[in-house]
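Comments concern the structure below.
The values are calculated or read from the model by the stated rules, or taken from the named source; none is laboratory data. For clarity, every value in this text was computed on a predicted model and none was experimentally measured. Cβ: placed from backbone, ideal geometry, glycine included. Neighbour counts: every protein chain shown. Accessible surface areas use protein heavy atoms only, side chains included; no ligands, DNA or RNA. Shrake-Rupley method; radii C 1.70, N 1.55, O 1.52, S 1.80 Å.
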Amino acid sequence: MRKRSAVRYTITGKLLTIVAICVAFVVAASGVGIYQIRKIGQEIEFIAEAEVPLTEAIGHVTTHRLEQNVLIERLMRLNLSRSLGHSFASSEMQAETEGRFLYLAGKISDEFVEAAEIAEQGIAMAQSEAQVSEFTDVLEIINRISNEHTGYSTAINKVLSQSKFGDALKAEEQLQVLSDKHLAFNMELEQLLFRVQSLAESAARAAAVHEHNAIRFTVLISLGAAGFSVLLAMWLGRRTIALPLLDVVNALRRLSRNDFDAELPVGRNDEIGDIGRAFRAFKRHLINVQEQERVEQQRQTALTREIRLLSELNEWLQSSSSLDELFGMVSRFMTKLLPSSAGAVYVYSNSRDVLDGACSWNGGKLEAHIRPTSCWGLRRGRPYVFGDGEVSFACEHVTPGEDDEVYLCLPILAHGETVGLMHLTPSAQASKEEFLEQRKLAQMAAEQVSLAIANTRMRDELHNQSIRDPLTGLFNRRHFIDLLRTSLERSQHSGQPVSLVSIDVDHFKKFNDNHGHDAGDMVLRAVGSMLEEACESDQVPCRLGGEEFMVLLPSSSTDAAAIVAEKLREAIEKIVVRYGEKNLPKITISCGVAGYPSHGRLPQDLMKSADDALYKSKDDGRNRVTVASGHSAEGQTDVDAMLEDATADVTTGVSQTSLNDEQENAA
């Protein structure tokens, strides 16, 4: 085998080389762009600090010189009118005009000095010989006009003095001569202003051109760098990565067709060489795996059979509708699933203090009850095999004399809680080895049984929660309507009457408003408990919602239902509910009674008739029983008589109960 080089040039290193080249080109392009931008910045700085301020300075000088001419003409007119004796202006106005003239003369001199300084700064900041020459000419013109301004100011002061104190007409002639020369310099100053403005515009255009060229040049450099990088990456990638990877793909395809003659180079000192070496090791491993698959396939066949049996067990258990039916299925199915085992299943009682025997199979011994502490599997919380180790301790629930036999105790767990125990022993025809081989299958079967038990219990609990009111424990409205509908259908065939008693707690809102919602809940629970305690045999109380209750009385006439309603009213009136440190006000109810078929043939009609009678009780003063309208007057009289008898019976019963209690206490 060829010896690999000590230097390892990986694919990652090659990619990093390409990236480095690309970064170098980008940095170069960025440097050119920065140089161009810096050049543009210098031009903009030249415009901002030289040409633009110079334009402003010359503009100020031009404006002030024009204003000076106006002031000179105004002073000449004032002096002329004064010499002719026609003075139309006050002395204050003339003094103010003369002061403004003198101020402008000094201001213009200062502005010429400022303009000259800016021109000198422009010469220092110039970027080319042409700009230096241009600003030098501007500086010479500014100095010449500045000198002219100095001489003009001296001469004009003399002319103004002669006009004010001497011959005004002669002064006017001298002023005309001075003005002609001064006008020529003003024209030259205006031309200089336009010239400087042209310089600023040309500099701005040059900056714009430079900016455009810089952007275009930077873009071209960047595109060239990117293009070159792409070409270089393609060439290097194809040479060092793509072609070797294509060889890898072809070798893998051959290997996927079970062509074990496929080979890859293993002498390269990079990732491709690593792949080649891994490919060779993988090929050897694949050959070993194929041999192992043959053995595994045989094992999977046996495992598939076990899974199929467990699936059938789960399907049967999930279809059970009660625990008794479920245990019957377990007993029959385990006979087929674990033929080498005799077993029994125990389930915790509701009190959780003992386990009740549920079912057995293949001759397994089933005890009526066993204690949780009598089994090592339950105490240790995991499967326990007796007789499989050098030292074992028998469980107390095993019959004495069987200690020398092997057995298995499997705790049945569901949702993290132990629900029971599966106890297994070898069947009469099975050996110890055959029995222990089915240990895993037995444990999986125990898991299926545990889930089925938990689901059945949960289904029963959820069904009970779906038909019960959570506050009072009475049936809820939906279940009550189902019971009422069933009773009416049964009554249609048997001819037996069906009655309803609609109940509403009087002034229930005051309990909530005066004592709080907790007190209101205590009142509702007390009423519900009394209804459940007072109703007998097939009488069904329920809570419709809020403070509304209803009692179903199958096989009871309306008159009998009215008697029951009166008993309920009196019983609830005697309830004492204590809330905190005091008793709540007395609880009373209003009742409405309706019967089938006199007051309705459909559930909703019958319930509406009972509610209407209930509202009649509330309108008549509450705490009373009212039979729905449609009942005859004679029948109502009988009901009143029965109510009086019921009252007497209740009073007699209470007295008899008190007497019996006293006798028992005396005894």
Failed criterion for SER537 (all others in (1) outside any helix (DSSP H, G or I); (2) polar (S, T, N, Q); (3) closer than 17 Å to THR588 by Cα hold) | (3)
Matching residues, the stretch 458-477, being among the charged types (D, E, K, R) and either exposed (fewer than 11 other Cβ atoms within 10 Å of the Cβ) or in a loop (DSSP other than H, G, I, E, B) (or both) | GLU461, ASP469
Look at PHE327 and say whether it is free of Cβ contacts under 8 Å to residues at least 24 places away in the same chain, within 29 Å of PHE435 (Cβ to Cβ) and buried (at least 16 other Cβ atoms within 10 Å of the Cβ).
-> no
Looking across the stretch 403-428 at residues that are assigned to a loop (DSSP other than H, G, I, E, B) and over 46 Å from the mean Cα position of the chain (by Cα), the single one that is modelled with the lowest pLDDT is ASP403
Count of the stretch 501-534 residues which are within 24 Å of MET607 (Cβ to Cβ), touching a strand residue (DSSP E or B) at 6+ places or on another chain (Cβ under 7 Å) and not in a strand (DSSP E or B) = 6
Answer residue from the stretch 335-374, given it is in contact with an Asp or Glu (Cβ under 9 Å, 6 or more places away or on another chain) and among the aromatic types (Phe, Trp, Tyr) and is surrounded by the fewest Cβ atoms within 10 Å (Cβ to Cβ) among those = TYR348
So which residues in the stretch 282-315 are more than 30 Å from ILE453 (Cβ to Cβ) and open to solvent by less than 60 Å² (accessible area, probe 1.4 Å), if there are any at all?
-> LYS283, LEU286, VAL289
Would you mind finding the one in ILE481, ILE453 that is under 19 Å from LEU410 (Cα atoms) and either touching a residue at least 60 places away in the same chain (Cβ under 8 Å) or surrounded by fewer than 16 Cβ atoms within 10 Å (Cβ to Cβ) (or both)?
-> ILE453
Test result for VAL449, farther than 28 Å from SER349 by Cβ, modelled with pLDDT under 90, of a type in the set (Val, Ile, Thr) and not in a strand (DSSP E or B) | no
Out of the residues in the stretch 249-281 that are open to solvent by 60 Å² or more (accessible area, probe 1.4 Å) and part of a loop (DSSP other than H, G, I, E, B), which is nearest to THR12 (Cα to Cα)?
-> ARG268
Within the stretch 110-150, tally of residues that are assigned to a helix (DSSP H, G or I) and either in contact with a strand residue (DSSP E or B) (Cβ under 6 Å, 6 or more places away or on another chain) or open to solvent by less than 40 Å² (accessible area, probe 1.4 Å) (or both) | 17
Cβ pairs under 6 Å, 6+ apart or interchain, first in the stretch 540-562 and of a type in the set (Lys, Arg), second open to solvent by less than 10 Å² (accessible area, probe 1.4 Å), ordered by first then second residue, are ARG543/LEU474; ARG543/PHE549
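Looking only at the stretch 493-509, filter to residues that are of a type outside the set (Val, Ile, Thr) and surrounded by 24 or more Cβ atoms within 10 Å (Cβ to Cβ); which one of those is farthest from VAL527 (Cα to Cα)? Give the derivation first.
Our first condition is that a residue be of a type outside the set (Val, Ile, Thr); within the stretch 493-509, this holds for 493-497, 499-500, 502, 504, 506-509.
Then drop every residue that is not surrounded by 24 or more Cβ atoms within 10 Å (Cβ to Cβ), which leaves 499-500, 502.
Values: SER499: 20, LEU500: 17, SER502: 13 Å.
Across the stretch 493-509, the extreme among qualifying residues is SER499.
Regarding the stretch 216-239, can at least one residue be identified that is part of a helix (DSSP H, G or I), charged (D, E, K, R) and surrounded by 14 or more Cβ atoms within 10 Å (Cβ to Cβ)?
From the stretch 216-239, those part of a helix (DSSP H, G or I) are 216-239; that's our starting set.
Imposing the further condition that a residue be charged (D, E, K, R) reduces the set to 216, 238-239.
Imposing the further condition that a residue be surrounded by 14 or more Cβ atoms within 10 Å (Cβ to Cβ) reduces the set to none.
No, every residue in the stretch 216-239 fails to be part of a helix (DSSP H, G or I), charged (D, E, K, R) and surrounded by 14 or more Cβ atoms within 10 Å (Cβ to Cβ).
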Can GLY377 be described as surrounded by fewer than 17 Cβ atoms within 10 Å (Cβ to Cβ), within 47 Å of the chain's Cα centre (by Cα) and of a type in the set (Gly, Ala, Ser)?
-> no
Test set (1) closer than 18 Å to LEU317 by Cβ; (2) surrounded by 15 or more Cβ atoms within 10 Å (Cβ to Cβ) - TYR407 fails condition number | (1)
Enumeration of residues in the stretch 200-223 that are within 47 Å of the chain's Cα centre (by Cα) and farther than 30 Å from GLU134 by Cβ | THR218, VAL219, SER222, LEU223
Filter the stretch 574-598 for residues that are modelled with pLDDT of 90 or more, under 53 Å from the mean Cα position of the chain (by Cα) and open to solvent by 40 Å² or more (accessible area, probe 1.4 Å) and give the result.
-> VAL576, PRO585, LYS586
